[in-house]
1. Just give me the residues in the stretch 200-211 being open to solvent by 20 Å² or more (accessible area, probe 1.4 Å) and touching a residue at least 24 places away in the same chain (Cβ under 8 Å), in sequence order.
2. What is the residue count in the stretch 85-102 for residues that are of a type outside the set (A, V, I, L, M, F, W, C) and touching a Lys or Arg at 6+ places or on another chain (Cβ under 9 Å)?
3. With respect to Ser150, is the statement that it is out of contact with any helix residue (DSSP H, G or I) (no Cβ under 7 Å at 6 or more places or on another chain), open to solvent by 20 Å² or more (accessible area, probe 1.4 Å) and farther than 29 Å from Phe58 by Cβ true?
4. Would you be able to tell me the number of residues in the stretch 55-101 that are small (Gly, Ala, Ser), away from the ligand (no atom under 13 Å from the Cβ) and buried (at least 19 other Cβ atoms within 10 Å of the Cβ)?
5. Restricting to the stretch 42-75, what's the tally of residues that are outside any loop (DSSP other than H, G, I, E, B), in contact with a Leu (Cβ under 7 Å, 6 or more places away or on another chain) and within 25 Å of Leu116 (Cβ to Cβ)?
6. If the requirement is being within 21 Å of Arg218 (Cα to Cα) and either exposed (fewer than 14 other Cβ atoms within 10 Å of the Cβ) or at pLDDT below 85 (or both), which of these qualifies: Ala104, Ala32, Ala46, Ala52?
7. Conditions first: (1) open to solvent by 30 Å² or more (accessible area, probe 1.4 Å); (2) modelled with pLDDT of 95 or more. Arg124 passes all but one, so which condition is the exception?
8. Report yes if Thr167 is away from the ligand (no atom under 16 Å from the Cβ) and on the phi < 0 side of the Ramachandran plot, otherwise no.
Amino acid sequence: MERLDKRLSQAGYGRREARELIRQGRVRVDGAPATRPEEKYLPGAAVTVDGAPLAEGFVYLMLHKPPDLVSSTEDPRERTVLELLPPELRRRGLFPVGRLDKDATGLLLLTDDGELAHRLLSPRRHVDKTYYIEVDGTLDEADVAAFAGSMTLRDGARCLPAVLKPTGPDRGFVTLREGKYHQVKRMCAARGKPIRRLVRVVFGPLELDPALSPGEWRALTRAETDALRAAGAGEP
Ligand code: URA
């Protein structure tokens, strides 16, 4: 059995707010108005607030990150991507799965499922990430070969083989199986071709939804969350 106010706070409402909603008669359990926050119910009972079912389980969102926001949960100086979400979702403790640089844009996964996030980011899982890039300079076959080998960055770090597919003289797609700090920028800089534009278009099984403009987000579909779980499956 579970206290009703606790159930509401697990779904993102503050404890005080949950009690207030219940007192105002806006919460129903299995269709009947609830009156007491401390009342206990079976975990399977259907709870609604203003008629809308309570969000249950984990939340998985795809955000099209715009430039100028940082992908952390809080920052003393900068605006964070979480500011794009409504308060009830922010209260759930969502966080970005991996980071995109402040000036980078594109697909950012947000969730409150810490275990899956950890699995997806584990270097051993090699979840592919693909970036659209534009650089200063001209991409050539020597760059493609360097990315495909185990490139050494200026600080001595060695990269796993990556795929560079130019689609024009100064642009193309890079696919990485790992996520070192500023990796794409550092790989391009090591080739003497600094990045001008960086957009993540693929994260594991997810593709950036072309219907999302920068700053917009949507919940993942069931098929997408199943695919993500499959990508993170296996021994941690
Ligand atoms: N590589 C980078 O350099 N920056 C990012 O934000 C992501 C990958």
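The values are calculated or read from the model by the stated rules, or taken from the named source; none is laboratory data. Quantities reported herein were computed from a predicted structural model and do not represent experimental measurements. All Cβ positions, even for glycine, are placed from backbone atoms using ideal geometry, and neighbour counts span all protein chains on display. Accessible surface areas use protein heavy atoms only, side chains included; no ligands, DNA or RNA. Shrake-Rupley method; radii C 1.70, N 1.55, O 1.52, S 1.80 Å.
1. Step one: filter the stretch 200-211 for residues open to solvent by 20 Å² or more (accessible area, probe 1.4 Å), giving 201-202, 204-205, 207-211.
Selection gives Val201, Val202, Gly204, Pro205, Glu207, Leu208, Asp209.
2. Restricting attention to the stretch 85-102, the residues satisfying the condition of being of a type outside the set (A, V, I, L, M, F, W, C) are 86-88, 90-93, 96, 98-99, 101-102.
Pick out the ones that are also touching a Lys or Arg at 6+ places or on another chain (Cβ under 9 Å) and you get 96, 98, 101.
Residues flagged as of a type outside the set (A, V, I, L, M, F, W, C) and touching a Lys or Arg at 6+ places or on another chain (Cβ under 9 Å) within the stretch 85-102 amount to 3.
3. Numbers: out of contact with any helix residue (DSSP H, G or I) (no Cβ under 7 Å at 6 or more places or on another chain): yes; open to solvent by 20 Å² or more (accessible area, probe 1.4 Å): yes; farther than 29 Å from Phe58 by Cβ: yes.
When the stated conditions are applied, Ser150 passes them.
4. Of all residues in the stretch 55-101, those small (Gly, Ala, Ser) come to 55, 57, 71-72, 93, 98.
Add one more test, that the residue is away from the ligand (no atom under 13 Å from the Cβ), and what stays is 55, 57, 93.
If we keep only those that are buried (at least 19 other Cβ atoms within 10 Å of the Cβ) too, we end up with none.
Summing the residues that are small (Gly, Ala, Ser), away from the ligand (no atom under 13 Å from the Cβ) and buried (at least 19 other Cβ atoms within 10 Å of the Cβ) in the stretch 55-101 gives 0.
5. Looking only at that region, the number is 7.
6. Working: Ala104 fails: either exposed (fewer than 14 other Cβ atoms within 10 Å of the Cβ) or at pLDDT below 85 (or both); Ala32 fails: within 21 Å of Arg218 (Cα to Cα); Ala46 fails: within 21 Å of Arg218 (Cα to Cα).
None of the other options fit; the residue is Ala52.
7. With respect to (1) open to solvent by 30 Å² or more (accessible area, probe 1.4 Å); (2) modelled with pLDDT of 95 or more, Arg124 is out only on (2).
8. On the way: away from the ligand (no atom under 16 Å from the Cβ): yes; on the phi < 0 side of the Ramachandran plot: yes.
Yes.
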